[in-house]
Amino acid sequence: MTITFSMDGKEISVEQGLTLLDAARENGTDIPTICFHEATTSNALCRICVVEVEGMRLLQPACIVQAAEGMKVQTRSERVVRARKTILEMLASTLDLSDAPEILTLMDQYGAKADRFPEAERRESAVKDDNPMYIRDYSKCLLCWRCVQVCADDAQYTFAINFEGRGYETQIGTFFDHAIPETTCVLCGQCVGVCPTGALKPKREYLLEQGLSPQEISVMNTGRKRRSKVTGQKSE
Ligand code: SF4
Ligand code: FES
């Protein structure tokens, strides 16, 4: 069954059950997303995809709200643009977005200022380098939940990571903060693949950025090199 509604003043018809985001994409309308990923269940955590729906007091996240017959939706009203710009400015004020090119592009598009909230407390976290496959740098994590979901019942069913802590202290972690090799993690790399900010990064890429040569990394991987140039500690 199809339904008809208005998006940015244009009448469109889509299959019933589509979200506003799906409907927009089907009709060539761009709505930005951050926490949304085709492979994971949407939880509407970042709110960058908000749109204005006539008759609804609050802006609505397009990635979870279904299109309905007769709806009147504005995807780029002044209020929507202001909300998205503010969200981007809050992210930039609290996180290291240097490895998040898509978000940096959005900041340019929305004229968002990275220094709008100079008093904001930044999320600082030491890089967790505890396994041979990937590093975790939670100072870049925006809590989109994609990694948790692919690790859980959206894909891998290993449940090695989850949210921990409350309020501003909330972050992604392992149960009891165990090192990755002591968890159920099977090093499948799916979490790394869906991370939008570089908070999860392949170990090799990280070591190259740290200045190690491919040869040095190979030596480390085969266990012949005893001393890591990154940590200055014995590696085995
Ligand atoms: S580590 Fe990456 S994928 Fe996981 S919640 Fe943080 S930003 Fe999202
Ligand atoms: S993309 Fe919709 S809330 Fe994040």
If you go through region 197-207 one residue at a time, how many are more than 6 Å from ligand 1 (Cβ to nearest atom) and either buried (at least 21 other Cβ atoms within 10 Å of the Cβ) or of a type in the set (D, E, K, R) (or both)? 5
Hits in region 161-218 - residues which are more than 28 Å from L104 (Cα to Cα) and either in contact (Cβ under 8 Å) with a residue 60 or more places away in the chain or in a strand (DSSP E or B) (or both): T174
Selection within region 34-62 - within 12 Å of ligand 2 (Cβ to nearest atom) and under 18 Å from S77 (Cβ atoms): R47, I48, C49, V50, V51, L59, Q60, P61, A62
Can you find even one residue in region 120-129 that is under 19 Å from the mean Cα position of the chain (by Cα), at pLDDT 95 or above and basic (K, R)? yes
Given (1) basic (K, R); (2) within 27 Å of D177 (Cβ to Cβ); (3) buried (at least 18 other Cβ atoms within 10 Å of the Cβ), number of the condition R84 does not satisfy: (2)
Taking region 14-47 as the region of interest, how many residues are surrounded by fewer than 16 Cβ atoms within 10 Å (Cβ to Cβ) and more than 16 Å from ligand 1 (Cβ to nearest atom)? 8
Filter result (out of contact with any His (no Cβ under 9 Å at 6 or more places or on another chain), closer than 14 Å to I161 by Cα and in a loop (DSSP other than H, G, I, E, B)) within region 138-148: C141, L143, W145
Just to be sure before I move on: is S77 under 26 Å from V50 (Cα atoms), touching a strand residue (DSSP E or B) at 6+ places or on another chain (Cβ under 9 Å) and among the polar types (S, T, N, Q) in the structure I sent? yes
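The values are calculated or read from the model by the stated rules, or taken from the named source; none is laboratory data. Remember, predicted model here, so these are calculated numbers, not experimental data. Heads up, the Cβs are rebuilt from the backbone with ideal geometry, glycines too, and the neighbour counts pull from every protein chain shown.
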